[in-house]
Amino acid sequence: MTHVIAYSRQQCKHLVSRLNKRMDADFVGISSKAGLVANDLKKIDPGIIFFPHWSNIIPAEIYRDYECIIFHMTDLPYGRGGSPLQNLIVRGHKETMISALRCVEELDAGPIYIKKPLSLSGSANEIFSRSDALIEDMIVEILKSNPEPIPQNGEPVVFKRRKPEEGDWSKAQTLSEVYDYIRMLDAEGYPPAYIHSGGYKLEFKKATQYSNSITAKVKITKKDYNE
């Protein structure tokens, strides 16, 4: 049996090779929206299409023809929608759940296969690395135990996808808030947290918080007045 791993964050490509070593099945990676094409999927004829990190709408012709399982970084139905990691951190959450759910027409509203706890400590890159390992185990569990998905229970809370300008931490009131802004955007594909000072833009990564201070790597460029 062949399964597909569809992802938009390039670190997820390692899931494909690791799963091919662990399971008595073949796993094929699709790394872009352009690669998720119905005609190409017919040639693969996948049993399941797993979406460990996918930032695009899945076409109806795909989720209707194939079992599509999405991994979402909230305890659904809390936190449906975009930028789950950043929205959780700015709301003060220290832990979350990875929810494996069936793709349906309504965004993040499908029934749940399994959930697993995830710590939100460290940088976004560190959190994603932990989530990748967890998702790998969840895929193995789903394929081995074939759980029946259960409808979501509770009142949905919907997150809005955060915009690059929301990475401006100039209104942060504590060091912990500054640290959270920096760490939650410190990963591949995310514009870093920043502030403007005079005619310059200061972008921050690799933050470490101490009792009374933060150290970080800073990139300084001339301010783009079109921002």
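The values are calculated or read from the model by the stated rules, or taken from the named source; none is laboratory data. On a predicted model such as this, the values are computed, not experimentally measured, just so you know. Backbone-built Cβ (ideal geometry, glycine too); neighbour counts: all protein chains shown. Protein only, heavy atoms only, side chains kept; ligands, DNA and RNA dropped before computing areas. Shrake-Rupley method; radii C 1.70, N 1.55, O 1.52, S 1.80 Å.
Would you calculate, for the chain, the mean residue ellipticity at 222 nm contributed by helices, counting each DSSP H stretch of 4 or more residues as -39,500 (n - 2.57) and dividing by all residues, to the nearest 500?
Result for the chain, helices only: -8000 deg cm²/dmol.
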Ordering of 189-202, 172-185 by burial proxy (mean other Cβ atoms within 10 Å per residue, highest first): 172-185, 189-202
Lysine-lysine proximity count for the stretch 71-188, Cα under 17 Å, sequence distance 8 or more or distinct chains: 5
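What part of the accessible area of the chain, given as a whole %, is carbon or sulfur when the probe is 1.4 angstrom? The partial results should precede the final answer.
Numbers: 5990 of 12360 Å².
Whole-percent figure for carbon plus sulfur exposure: 48.
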Around residue 106: net Lys/Arg minus Asp/Glu count, Cβ-Cβ under 15 Å: 0
In Hz, Karplus ³J(HN,Hα) per residue of the stretch 123-132 (6.51, -1.76, 1.60; θ = phi - 60°; x = Gly, Pro): 6, 4, 4, 5, 5, 5, 4, 5, 5, 4
Residue-span extension gain [residue 163 to residue 56] - 0.36 nm each, minus C-alpha spacing: 37.0 nm
Dipole magnitude (debye, nearest 20) for the chain, charges at Cβ of Lys, Arg, Asp, Glu: 740 debye
For the stretch 37-106, size of Cβ-based charge dipole, Lys and Arg +1, Asp and Glu -1, in debye: 220 debye
Potential lengthening between residue 42 and residue 125 on full extension [0.36 nm per residue; Cα-Cα distance subtracted]: 26.5 nm
Listed residue (5, 164, 28) projecting farthest to the positive dipole end of the chain, Cβ model: 164
Cα long-axis angle, helix 13-22 against the chain (0 to 90 degrees, to the nearest 10): 40 degrees
Extended-chain gain in nm, criterion 0.36 nm per residue less alpha-carbon gap, residue 217 and residue 24: 65.1 nm
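Classify the stretch 63-182 as rounded, prolate or oblate from the Cα gyration tensor: take a ≥ b ≥ c as the square roots of its eigenvalues, call it rounded if a/c is under 1.5, otherwise prolate when a/b beats b/c and oblate if not.
Values: a/c = 2.44, a/b = 1.75, b/c = 1.40.
Here the stretch 63-182 falls in the prolate category.
Please list 153-166, 43-56 highest first by mean number of surrounding beta-carbon atoms within 10 Å per residue. Write out the running numbers ahead of the final one.
Working: 153-166: 12.3, 43-56: 18.3.
In descending order of packing, they fall as 43-56, 153-166.
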Virtual spin-label span in nm between residue 94 and residue 172, 7 Å along Cα→Cβ: 1.9 nm
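Taking the Cα centre as origin and putting +1 on Lys and Arg beta-carbons and -1 on Asp and Glu beta-carbons, what dipole magnitude results for the stretch 128-180, to the nearest 20 debye?
180 debye
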Cα gyration tensor shape for the stretch 161-207, rounded if a/c is under 1.5, else prolate or oblate: rounded
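Ranked from highest to lowest mean number of other Cβ atoms within 10 Å per residue, what is the order of the peptides 16-26, 135-145, 210-220, 96-106? Could the numbers behind the result be given before it?
On the way: 16-26: 13.8, 135-145: 17.1, 210-220: 10.8, 96-106: 19.7.
The packing order, highest mean first, is 96-106, 135-145, 16-26, 210-220.
What is the sum of charges, Lys and Arg at +1 and Asp and Glu at -1, for the other residues whose Cβ falls under 13 Å from the Cβ of residue 59? Write down the numbers at each step before the final one.
Numbers: positive: 33, 64; negative: 40, 61, 65, 105.
Within the 13 Å Cβ shell, the charges total -2.
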Accessible area of the stretch 107-227 divided out per residue, in Å², using a probe of 1.4 angstrom: 61 Å²
